[in-house]
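Novice: Pasting in a structure now, in structure tokens, and then I'll have a few things to ask.
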Amino acid sequence: MNDLRIEPALGEARLADWRAVHNTIIPTAVLSLGQVRERAGRNRLDVAYLGETVVGCSTVRPPDEETAATTVIARTLPGFRGRGVGTALYERGLAHARTLGGEGVETVVLASNEEGLRFALARGFVEVERYVLPGDTVPFVTLRLA
């Protein structure tokens, strides 16, 4: 995977790439570019590329008043799974999360994303909660690193 590179989602083009991956993986919670800009102001957003092709993205959310844990979310587009993209995004996000403190590490996966759930469980996460956003029918799964 020598041509994999992970870049901070800085600038409009990278934010748009991050948004495209997010909205593909999480079609039940589509974000506008304005919402992505707002998230970039409080979270670390990264984008993964194979050559010039966008293949994944990640979010590292610091602890806050709602969640005492740091949240690390790695997303890989379906056609690029099983090639180490998610692992590279996750490991980079986890390294950053460890600099932020907090009470542990969590991740969040859309329940319909079975591959994402398997990915998290294989890395030692355990399910702690399921919730449905207003107007949605597919729950999100919160998992904590054991």
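Novice: Tell me the net charge near A88. Cut-off is 14 Å between Cβ atoms, A88 excluded, with +1 for each Lys or Arg and -1 for each Asp or Glu.
Specialist: Overall, the nearby charge balance is +2.
Novice: Calculate, for the chain, the solvent-accessible area per residue in square angstrom, rolling a 1.4 angstrom probe over the heavy atoms of the protein chains. List each step's numbers first, then the result.
Specialist: Values: 7450 Å² over 146 residues.
Result: 51 Å² of accessible area for each residue.
Novice: Run the accessible area of the chain with a 1.4 Å probe and give the carbon-and-sulfur part as a rounded percent. It would help to have the intermediate numbers written out before the result.
Specialist: On the way: 3830 of 7450 Å².
For the chain, the apolar C and S fraction of the accessible surface comes to 51 percent.
Novice: Between A16 and D3, with labels modelled 7 Å along Cα→Cβ, what's the label distance in nm to one decimal, could you check?
Specialist: Here the answer is 2.2 nm between the modelled labels.
Novice: Once fully extended, how much extra length lies between A146 and R118, figured as 0.36 nm per residue of separation less the alpha-carbon to alpha-carbon distance? Could the numbers behind the result be given before it?
Specialist: Details: separation 28, 0.36 × 28 = 10.08 nm, distance 1.49 nm.
Once the chain is fully extended between A146 and R118, it gains 8.6 nm.
The values are calculated or read from the model by the stated rules, or taken from the named source; none is laboratory data. What you see is a predicted model; the values in this text were computed from it and never measured. As a convention, Cβ positions derive from the backbone with ideal geometry for all residues, glycine included, and neighbour counts pool all protein chains shown. Surface areas here come from the heavy atoms of the whole protein model, side chains and all, with no ligands, DNA or RNA. Shrake-Rupley method; radii C 1.70, N 1.55, O 1.52, S 1.80 Å.
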